[in-house]
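Below: the structure, in structure tokens.
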Amino acid sequence: MNHFILILLFLFSLNAMAKGVGFSQFELNDEVSRPLNVTLWYPTRDTTPTALVADNIAFEGTHVVKEASVTQAKHPLVLLSHGYRGSWRNLNWLAHKLAQQGYIVAAPDHPGTTTFDHTSTQTSQWWQRPNDLVRVLNYLENDAAWQPVIVFDDVTAIGHSLGGWSVAQLIGAQFDRSAFMTQCKIHPNPRTCGLAKELGLHSVQDGEPESSDFSDPRVKRVIILDLGLARSFSTSSLNKIQQPSLILAAGIDIGDLPQAMESGYLAEHIPLENRRYKVFESATHFSYMQLCKANAIAVLEEEFPGDGVICKDGIGSDRRVLHNQIFDDVKTFLVQ
């Protein structure tokens with residue numbers, strides 16, 4: 001579709017801006033062996049009844065209108081992919097902001113690597129993560145309720161951490177087991193190489209497809225938030241990426257996940273003209289996740305010692321301010 005027409009559609013969507021954010025969840029059962037829990041955020045003129053979602057003793061949620069009607073306009077679509085053992089809640093803040101700007105946002109919880117599902121047989125099926133996103137896209141494209149209100153030939157995919165690794169595959173980044181194992185001998189990083197067996201990256205898995213090409217022509221751009229496992233991609237596949245890519249990294253290393261060896265590696269090998277790369281110097285890996293409440297560190301440490309790091313940002317920094325800065329970059333990238 002002509003880029004000028006897309007901008008006009010986007011502006012039309014903004015003019016029909018929602019007064020609220022609609023919210024819906026469903027289970028996708030197109031493949032019996034791997035049902036997906038899917039969350040949707042979308043523009044709506046409905047303002048009541050409001051509900052608070054993704055809110056708990058440690059993390060701040062957002063106000064939405066559950067099962068609201070979607071604003072009847074053609075909306076851009078964003079696919080979201082959470083990190084290792086995360087969920088839709090982690091990027092709820094970002095999805096909410098995008099819906100307020102006229103986007104429809106869809107996020108599957110990836111079985112095996114989500115908060116409430118650590119099933120080992122699912123965890124080791126690394127190829128299912130990008131496939132989950134394609135399945136959600138296919139479902140929406142063929143659903144009578146969503147097909148009329150979404151622009152399907154100009155999709156954006158956004159992922160954090162392992163989610164960034166997943167969305168990169170939608171634009172042509174290809175897993176290379178041999179290259180990955182070689183890199184792990186040179187740099188035996190416990191946060192990436194240490195997960196090789198659990199994620200099925202160390203050896204060929206049952207049911208693993210012969211091809212590692214999961215690119216989808218409908219996905220026209222990606223936004224990658226401080227990914228891990230970048231060195232598992234073949235440099236030749238990264239060299240061929242043509243879709244615009246926004247790579248946002250965290251400048252503060254939480255331990256064994258230095259941005260120069262992850263986000264920086266990706267930026268080094270994707271053609272310069274096709275990517276933007278920025279390091280948020282006062283952000284940690286978890287700064288891209290939801291806002292933490294005042295007592296969150298103590299709560300998390302009491303439940304699981306060491307988890308308090310999830311709510312620690314750079315000294316003197318404010319996660320809310322970081323989120324606003326991150327979103328400004330995301331919004332600018334989306335409309336270019």
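Throughout, read-outs are computed from the coordinates displayed, never taken from laboratory work. Bear in mind the structure is a predicted one, so any value in this text is a computation, not a measurement. Positions of Cβ are generated from backbone atoms using ideal geometry, with glycine treated the same way; all protein chains shown enter the neighbour counts.
List of remarks:
- Count of lysine pairs in segment 3-335 with Cα separation under 17 Å (8 or more residues apart, or interchain): 11
- Residue (of F304, S33, P130) at the positive-pole extreme of the chain, dipole from beta-carbon charges: P130
- Fluctuation leader among S81, S24, S124 - the chain, Gaussian network, Cα springs under 10 angstrom: S24
- Three-way shape call for the chain based on the alpha-carbon gyration tensor, with the a/c threshold at 1.5: rounded
- Relative contact order of segment 147-269, pairs being alpha-carbon contacts under 8 Å that are 6 or more residues apart, as %: 37
- Taking amide H atoms as placed 1.01 Å from N in the peptide plane, the amide H of F59 lies under 5 Å from those of K293, each 5 or more residues away in sequence or on another chain.
- Pairwise centroid distance, computed over Cα atoms, of segment 63-133 with segment 244-268, Å: 22
- Gyration tensor verdict on segment 180-336 (Cα atoms; rounded if a/c is under 1.5, prolate if a/b is larger than b/c, oblate otherwise): oblate
- For the chain, built as a Gaussian network whose Cα springs stay under 10 Å, the top-fluctuating residue of D318, D46, D143: D143
- Shape parameters for segment 133-213, alpha-carbon atoms, Rg then Dmax in Å: 16.4, 51
- For D55, net neighbour charge (Lys/Arg +1, Asp/Glu -1) across residues whose Cβ lies under 11 Å away: +1
- Relative contact order (%) - criterion: Cα under 8 Å, at least six apart; region: segment 3-335: 15
- The length gained by stretching the chain between I315 and N295 to full extension, at 0.36 nm per residue less their Cα-Cα distance, is 5.5 nm.
- Calculated [θ] (222 nm, deg cm²/dmol) that DSSP helices of n ≥ 4 give over the chain, each run adding -39,500 (n - 2.57): -8000 deg cm²/dmol
- Relative contact order computed over segment 183-336 (Cα-Cα under 8 Å; 6+ residues apart), in percent: 19
- Euclidean distance between Cα centres, segment 282-318 to segment 157-221, Å: 27
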